[in-house]
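The values are calculated or read from the model by the stated rules, or taken from the named source; none is laboratory data. Since the model is a prediction, treat every value here as computed from it, not as a measurement. FYI the Cβ positions are ideal-geometry reconstructions off the backbone, even for glycines, and counts take in every protein chain you see. Side chains included, ligands, DNA and RNA excluded: accessible areas come from the protein's heavy atoms. Shrake-Rupley method; radii C 1.70, N 1.55, O 1.52, S 1.80 Å.
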Amino acid sequence: MKLWAGRFSKEADKKTNDFNSSIATDSRMYYEDITGSIAHATMLGEQGIISKEDCEIITTELAKIRDEITDGTIKIDPDAEDIHTFIEQTLTARVGDPGKRLHTARSRNDQVATDVKLYLKKECVSLRAQLVELLGVLEKKKEEYKMMVMPGYTHLQRAQPVTLGYHFGAYIEMFKRDITRLDDAVKRMDVSPLGSGALAGTTYPIDRALSAKLLGFEGGYTLNTLDGVADRDFCAEIACAMSLVMVHLSRFSEEIVLWSSWEFKFIELDDAFSTGSSIMPQKKNPDLAELIRGKSGRVFGDLNALLTMMKGLPLAYNKDMQEDKDLTFEAIDTVRMCLTAFIPMIDTMTALPENMRKAAAGGFINATDCADFLVSRGLPFRDAYKATGETVAFCIKNGYTLETLPLEEYKNICDLFDDGVYEAINLETCVRKRGLFDI
Ligand code: ARG
């Protein structure tokens, strides 16, 4: 039985029932739907819109239904149109007329917007906790890898020496931003749409501030009722925050893939977080990191689909918006799964400092410091840069590194070189002088 049965003379077509239904997705919000209904009924009772007795019957029974769904006594009907229908009908089947009064001064349009916001607020708490857990692991690793010199890259060409700890520090900054982004999104979302009705509010003397307060919306209630039911910015903002988490996880994963290859061998992943090949016995593959990199596309797709779904919709509610939940939920589910794999994978990895040190010693990674040495001897930087470039070219041609090039050869290129150059180009000196050991 549909909530809207009165106007219609035929049952809904069976084949399209599933297409129209959102129960497969929105049953995840049963808890929030009931919590929202309890707040709404309480407000109706306070305002004298329904009697105190009806209010008591509705709220008591709804709390029971909520417990029974949680403990599995009540099975949600997969053929119901949506979770709102299922709960209202379950309530009415149990208590009769008071159940039929619950929907006074409310529409599924403000109801669903309220449910989604409450649900996402809860999800964001656990996602935030996972990001904080990741930061904890990264801080620990940053400390552990503090003194390990490695090549820093631009264009994936060896550029200047850094440390692995400092490299981890860069990701710490990214994930810290992700947390603030999530906090911002939640703060803006934290405004109650309940009481917006279908689109134009209601003629009943409702108290929107009360239902907002009962539901814990810190920002009060939405001021314009059309906007209250038509807004899905919060879904897009959360999908965007999730997308940037995935960009960061994916870039980090890409580096894990590179670093664990034989070409780099800067790190070794724990066996428990690697996989083998069905044919090549020697293989140890960084599958988890690759999967995380691969799954980022899904989350960007969710954001793109949300924006595309919303961009042409006239005000206020349109059924297109039912898509919001599948997309936003997929984005948060994907990030949650990726973090669940990523955190222990990073926690258990081992760094191979000798290999990083060896890689840092090749590729003339200290050439900038060599030029800076000439600057310290009075040469303008642009001339120092050119003389160092010539020195590097000479080394490449004659099989030297900056460390092994004899002082006479240095002096042939520029007579401002003296034996202080060897200390200046020492990799530890390069890192220390930039303060990277201390950060
Ligand atoms: N299942 C719908 C959704 O997720 C609930 C709102 C339905 N409202 C309506 N007017 N059909 O958006």
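The table below gives the values:
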| read-out | value |
| --- | --- |
| Enumeration of residues in region 94-117 that are within 16 Å of the ligand (Cβ to nearest atom) and either of a type in the set (S, T, N, Q) or touching a strand residue (DSSP E or B) at 6+ places or on another chain (Cβ under 7 Å) (or both) | Ser107, Asn109, Gln111, Thr114 |
| Number of the condition not met by Phe19 [criteria: (1) touching a residue at least 24 places away in the same chain (Cβ under 8 Å); (2) within 16 Å of the ligand (Cβ to nearest atom); (3) within 32 Å of the chain's Cα centre (by Cα)] | (1) |
| Given (1) among the small types (Gly, Ala, Ser); (2) open to solvent by 10 Å² or more (accessible area, probe 1.4 Å); (3) in contact (Cβ under 8 Å) with a residue 40 or more places away in the chain; (4) more than 16 Å from the ligand (Cβ to nearest atom), number of the condition Ala236 does not satisfy | (4) |
| Extreme residue, nearest to the ligand (Cβ to nearest atom), among residues of region 313-329 that are part of a loop (DSSP other than H, G, I, E, B) and either open to solvent by less than 60 Å² (accessible area, probe 1.4 Å) or of a type in the set (Ser, Thr, Tyr) (or both) | Tyr317 |
| Residue in region 67-85 that is in contact with a Leu (Cβ under 9 Å, 6 or more places away or on another chain) and more than 16 Å from the ligand (Cβ to nearest atom) present | no |
| Residue tally, condition touching a Phe, Trp or Tyr at 6+ places or on another chain (Cβ under 7 Å) and not in a helix (DSSP H, G or I), over region 227-269 | 2 |
| Only listed residue being aliphatic (A, V, I, L, M), within 14 Å of the ligand (Cβ to nearest atom) and open to solvent by less than 30 Å² (accessible area, probe 1.4 Å), chosen from Leu120, Leu91, Leu135 | Leu120 |
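Residue by residue, here is whether (1) out of contact with any Gly (no Cβ under 9 Å at 6 or more places or on another chain); (2) part of a helix (DSSP H, G or I); (3) surrounded by 15 or more Cβ atoms within 10 Å (Cβ to Cβ); (4) of a type outside the set (Val, Ile, Thr) holds:
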residue	(1), (2), (3), (4)
Leu306	yes, yes, yes, yes
Ile332	yes, yes, yes, no
Leu339	yes, yes, yes, yes
Asp347	yes, yes, yes, yes
Asn355	yes, yes, yes, yes
Gly378	yes, no, no, yes
Val392	yes, yes, yes, no
Lys397	yes, yes, no, yes
Leu405	yes, no, yes, yes
